[in-house]
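Here is the structure we will look at, set down as structure tokens.
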Amino acid sequence: MPYRTDLALDEAEHISGQLEGIKKEELSFDGVRITRIKVHSQAGAAQLNKPMGHYVTVETAPLTGYVDHDGAAQIALTKELTDLLPAEGAVLVAGLGNPAITPDALGPQVAQHILASRHLSGELTRSVGLGELRGVSAVATGVLGKTGIETGELLCGLVRQISPAAVVVVDALASTSLQRLGRTVQITDTGIVPGSGVGNARREISQKTLGVPVIAVGVPTVVDAATMTLELTGQEVQQGHHSAGMMVTPREIDTMIQNAAKLVALSLNRALHPTVSTEDLMALVG
């Protein structure tokens, strides 16, 4: 049965037999599970159905309850983001998705909480006790159906105009596992194809298309109904069944998106502005 997922970890678990050209490392940190997958050959890329590069998943407690935004999950995410981001240079953070559709609103909500500092002078930030801030820009790209502009086209224009050292794209993802919805964050340096997990693939956003490194960050918010049926009952949905093309999202999706957006945004802010305390960041961006 075909299944839809954006997670490299899902793909790895569906591979029977030995992983070829794929290195997998698992560790835990204060209740947070971290899995690092490195695809270092074309054979591995074909086996995993993902481009060559690094894929990190951070699995934590469900983001539908209380979230300690200064706890282990944020510390782990900040470290993994820091390792993949360039050491210096301006960064553009782009929130992908539709703010009017809650399961797809992760990117726009993250963009709202990013500390944009490209327009601030060093003298100004030093005078208010923030020291030297990295030049960061943030944008919510909207969706093609409302803007008439492909997200990839919009980002190409912005990259040409502001010349960032890297682009970080944030988007909601699809998973094959109910257990990973709203409790997993994936980070990868291979970019993203928006909508691929829900069968609506758009233009690829990657270093190949933008000309600068692209780090993609996402949280799974939906699962394919057919995959869910198989997981719960062990029975495959027949081709043509009314649920075959449906995507399912948790009842607590509003809380999940709000908490996930704050966690991802704070982790990005900490990675981009390491000299600014968590308290100051939260006071500056809400």
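Pairs linking a residue in region 93-108 that is touching a residue at least 24 places away in the same chain (Cβ under 8 Å) and within 19 Å of Glu153 (Cα to Cα) to a residue that is of a type in the set (Lys, Arg) and surrounded by fewer than 24 Cβ atoms within 10 Å (Cβ to Cβ), with Cβ atoms under 8 Å and 6 or more positions apart or on different chains, are Asn98/Lys146.
Rundown of residues vs (1) modelled with pLDDT under 90; (2) more than 29 Å from Thr64 (Cα to Cα), yes/no style:
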| position | (1), (2) |
| --- | --- |
| Thr102 | no, no |
| Ala116 | no, no |
| Leu120 | yes, yes |
| Arg126 | yes, yes |
| Ala172 | no, no |
| Leu178 | yes, no |
| Val185 | no, no |
| Asp189 | no, no |
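Selection of region 16-50 for residues being hydroxyl-bearing (Ser, Thr, Tyr) and either more than 23 Å from Pro62 (Cβ to Cβ) or touching a helix residue (DSSP H, G or I) at 6+ places or on another chain (Cβ under 7 Å) (or both) yields Ser16, Thr35, Ser41.
When Gln239, Gln207 are checked against the criterion of being modelled with pLDDT under 80 and not charged (D, E, K, R), a single residue qualifies: Gln239. Among the numbered conditions (1) small (Gly, Ala, Ser); (2) at positive phi; (3) without any contact (Cβ under 8 Å) to a residue 40 or more places away in the chain, the only one that Ala45 does not meet is (2).
In the list Asp70, Asp6, which residue meets the criterion of being surrounded by fewer than 20 Cβ atoms within 10 Å (Cβ to Cβ), in contact with a helix residue (DSSP H, G or I) (Cβ under 8 Å, 6 or more places away or on another chain) and assigned to a loop (DSSP other than H, G, I, E, B)?
Working: Asp6 fails: surrounded by fewer than 20 Cβ atoms within 10 Å (Cβ to Cβ).
Going through Asp70, Asp6 in turn, the sole match is Asp70.
The values are calculated or read from the model by the stated rules, or taken from the named source; none is laboratory data. Predicted, not measured: the structure shown is a model, and the values here were computed from it. Using ideal geometry, Cβ is built from the backbone for each residue, glycine included, and neighbour counts are taken over all protein chains shown.
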